[in-house]
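What follows is a set of notes on a single structure, which appears directly below.
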Amino acid sequence: MDITVNGDQKRLEAPLTVEGLLAVLELEPRKIAIERNMEIVPKSLYGETQLRDGDKIEIVQFVGGG
Amino acid sequence: MSDTFEVAGRKLSSRLIIGTGKYKTYQENAEAAEAAGAEMVTVAVRRVNLTDKDQPMLVDFLDPEKYIYLPNTAGCFTAEDAIRTLRLAREAGGWELVKLEVLSDQKTLYPDMEETLRAAKLLIKEGFDVMVYCSDDPVYARKLEEAGCCAIMPLGSLIGSGLGVMNPVNIRLIVEQSSVPVIVDAGVGTASDAAVAMELGCDGVLMNTAIAEAKDPILMASAMKHAVIAGREAYLAGRMPKKRYADPSSPLAGLI
């Protein structure tokens, strides 16, 4: 299945949860926030949120800004 | 003398809030924050770089336990963009205190006050504590306060312009009418600009470029710290009245 992560297409070979995606991307859940199809995914639901074909995922963090 | 002010229940003794953009490195940013004596820093919310994961992270240099992170909505041009950004910020950081800015065009980055007010109302309904970047229009400033914003942050002049406080009369009007903190946000170029803002009775000053783009940002951060303290103390001390003619400092009596 194909999903979009931060604007880039990504092909997944097997079903994956949000938690699984973070593991694949080697990202620490502590420092980020995730939006799936414009809806926030609360950190507590990463493990049970299954990704579906066509999902648009945004992963953000705090960066320097004024 | 303890001279603190409070924003949404958080007591601050430093009246200098600094941005974290435009620094050469996060390390330099951290040193500037230290030199400025800042307790609150603004931060932006952006996509994680998935191709280069070794990029330094802000949180590793400016500890969110030490500094109050104030997530902003820089780059947002509609209320919806701003709300989306701040919902993500709340999820990433777990805090409700945010800086709202809704801009109107790229050239001036002037705040779109109609959208700003609309966004502020929606955010407050969702439980956010909203510090709001706004124009120096006292009417809109009052509307924002009435909507429940916890700090009014009028521009001194355009973001990143370094032109100083262009309309001190309006800033003073806003200070006089507001019962929440008023913080001049944007436009400060050098230390005297920060002092001017504080002498007008503002509760604080927020700046980024003035420090980050100084030749020596850390020395400028220190200068800004002193300017904000000097301006604040001058305001509290109450300046002498201005006169049109001289008034000798030495006594006239006993003159030989």
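Throughout, read-outs are computed from the coordinates displayed, never taken from laboratory work. Being a predicted model, the structure only gives us computed values, none of them experimental. A quick note on method: Cβ atoms are made from the backbone with ideal geometry, for glycine too, and the neighbour counts reach across all protein chains shown.
Which length gain, in nm to one decimal place, applies between B:K125 and B:T108 when the Cα-Cα distance is subtracted from 0.36 nm times their residue separation? Taking 0.36 nm per residue and subtracting the Cα distance, the gain is 3.2 nm. Antiparallel beta bridges, as assigned by DSSP with both residues in the protein assembly as shown, represent about 50 percent of the total such bridges. Cα centroid separation, the range B:203-250 to the range B:1-75: 22 Å. Fewest neighbouring Cβ atoms within 10 Å first, the residues B:I183, A:I59 line up as A:I59, B:I183.
Only helices enter the 222 nm calculation for chain B: every DSSP H run of n ≥ 4 contributes -39,500 (n - 2.57), and dividing by all residues gives -11000 deg cm²/dmol, rounded to 500. The angle between the Cα long axis of helix B:79-93 and the main principal axis of chain B comes to about 80°, on a 0 to 90 degree scale.
Each label was represented as a point 7 Å from its Cα along the Cα-to-Cβ direction; for A:R30 and B:T78 these points are 3.7 nm apart.
With 0.36 nm allotted per residue and the present C-alpha distance subtracted, the B:L219-B:A237 stretch has 3.8 nm of extension available.
If I fit a long axis through the Cα atoms of helix B:168-177 and take the longest principal axis of the Cα atoms of chain B, what angle between them do I get, 0 to 90°, rounded to 10? That works out to roughly 80 degrees. Between B:A8 and A:R11, the modelled label-to-label distance comes to 4.5 nm, taking each label 7 Å out from Cα in the direction of the beta carbon. Once Rg and the Kirkwood radius are both taken over the C-alpha atoms of the range B:149-256, their ratio Rg/Rh works out to 1.12. Placing a label point 7 Å from the Cα of B:M57 along the Cα-to-Cβ direction, the residues of the range B:74-100 whose backbone N falls under 14 Å from that point are B:92-94.
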